[in-house]
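**Q** My questions all concern the structure below.
The values are calculated or read from the model by the stated rules, or taken from the named source; none is laboratory data. Treat the numbers as computed from the prediction; the structure is a model and nothing was measured. Cβ: placed from backbone, ideal geometry, glycine included. Neighbour counts: every protein chain shown. Calculation scope for accessible area: heavy atoms of the full protein, side chains included, ligands and nucleic acids excluded. Shrake-Rupley method; radii C 1.70, N 1.55, O 1.52, S 1.80 Å.
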Amino acid sequence: MPKRVGHLYEKLSDRAFVKSVLEEACKHRHGRADVARVKDNLDAKAEELCHMLETGSYIPRKPNVTYKYDASSQKMRTIRIVPFFPDCCIQWLIVELLKKPVFMRGMDAYCCASIPGRGGILAYRKIRGHIARKRKASKYALQMDVHHYYDSIPVRSLMDKLRRRCKDERLLALIEDILMATAPEQGKGLCIGFYMNQWLANFFLEDVDRAIRSTESAPCYTRYMDNMTALGGNKRKLHKLRLLAAELLSSLGLQLKEDWQVFRLSARPVQAVGYRFASDGCVLLRKRAWKLARRQFLRIRRKQEKHSYIPPCMARGFLSRTGGLKHLQSARTIYGNYICKIDFADIRRRAV
């Protein structure tokens, strides 16, 4: 077992460290009054936060529950939100303390979700590059994910895994208090919408990644949160890999979703991180993603033609979608049919 890290909680008494984390947490959050109050009084808020953590007077608040429809997956998501100060700020501090010595130390190289510098583009490059360079080793694909992943994570098991890496009991007690106070069920589940929980969810499946990687049954393996994609040249080995993943997930108190698939890549493309990867190297958007993108392109064009108001969130969404088009073979066709008449300078001004 690797050496456990300690003496992390002591850093929360360092005003300069706390202030730098608060500055980072406030970045790119425009138009929010709660964030502006922290940003305009960094020194005072850092002092207040340090005092709160030194004296142990911080009590995690119950989150507000809201529901949001996720058009890309066609699911209704339950989002739990806590105040930016002090709750979100304390989560940022916890992640900053644990990021290098705990979360990143044993993380798989192609665990991509919510990791700065990685994201879906890393999984895209891995899958596309493997298909292009190693056709025989990309003959079959395995797709699987975890059933209700966030809601199924046992808090006790998660804390046990953290204790194998960290021996700072004050920090661990703080994390456990937050998780227990905000769990969707008693002692079970992580809230969707918490900054800290993204890192904890990635960390919880670290052993599964390591076991799958060590079998060498799938030369190409990526994970985007709980969505796992593997490519290999042997169908039987991929089935064994799926059984291994199911067994490992069961030992963690999780369940493999029943819609797992093992199929020949020449019969249909593998779908991951919003794209479809065909055996001939062609990359297309997923059908649902393309419908949403096309609808937004037409809506933006109509609004510009009529000189109508374009909300900043719509402008930012448009720029994000057009940025993803450069990875497609059909990018020029899409640009010529839908985007070329749109004034990008106007969209950028509205996106601020």
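**Q** What does the helix-only formula give at 222 nm for the chain: each DSSP H stretch with n ≥ 4 adding -39500 (n - 2.57), the total divided by the residues, and the result rounded to the nearest 500 deg cm²/dmol?
**A** Calculated mean residue ellipticity at 222 nm is -14500 deg cm²/dmol.
**Q** Right, another one. Where the centroid of each part is defined by its Cα atoms, how far is the stretch 170-222 from the stretch 256-282 in Å?
**A** Going from one Cα centre to the other spans 26 Å.
**Q** Just to verify a number: FRET efficiency for R77 and M104, C-beta to C-beta distance, R0 = 22 Å, to 0.05?
**A** 0.25
**Q** How high is the FRET efficiency between V352 and S308 when r is their beta carbon distance and R₀ equals 25 Å, given to the nearest 0.05?
**A** 0.85
**Q** On to the next question. Between A345 and K134, what is the spin-label point distance in nm, taking each point 7 Å from the Cα along the Cα→C-beta axis?
**A** It works out to 4.8 nm between the two label points.
**Q** Where is the GNM fluctuation largest for the chain (alpha-carbon springs, 10 angstrom cutoff): Y149, Y195, Y67?
**A** Y67
**Q** To continue, here is another question. Sorting check: for 27-38, 125-136, which peptide has the highest mean count of neighbouring beta carbons within 10 Å, and how do the rest follow?
**A** Highest-to-lowest ranking by the protection proxy: 125-136, 27-38.
**Q** Follow-up. Of all accessible surface on the stretch 301-340 at a 1.4 Å probe, what whole percent is carbon and sulfur?
**A** It is 52 percent, rounded to a whole number.
**Q** Using 0.36 nm per residue of separation minus the Cα-Cα distance, give me the extension gain between R294 and Q329 in nm, one decimal.
**A** Numbers: separation 35, 0.36 × 35 = 12.60 nm, distance 1.62 nm.
So the chain would gain 11.0 nm between R294 and Q329.
**Q** Where Lys and Arg each count +1 and Asp and Glu each count -1, what net charge lies around K62 among other residues with Cβ under 15 Å from its Cβ?
**A** Value of the local net charge: -1.
**Q** Okay, moving on. Need the full-extension length gain, R37 to R164, defined as separation in residues times 0.36 nm minus the C-alpha distance. One decimal, nm.
**A** Computed gain between R37 and R164 is 41.9 nm.
**Q** Evaluate E = 1/(1 + (r/R0)^6) for M52 and R236, where r is the Cβ-Cβ distance and R0 equals 45 Å; express this FRET efficiency to the nearest 0.05.
**A** Details: r = 56 Å, r/R0 = 1.25.
E(calc), rounded to 0.05, equals 0.20.
**Q** Tell me the per residue accessible area of the chain using a 1.4 Å probe; a whole number in Å² is fine.
**A** Value returned for the chain: 53 Å² of accessible area per residue.
**Q** For the stretch 57-74, list residues with backbone N below 17 Å from a point placed 7 Å from the Cα of H147 toward its Cβ?
**A** Of the residues in the stretch 57-74, none has backbone N under 17 Å from the label point off H147.
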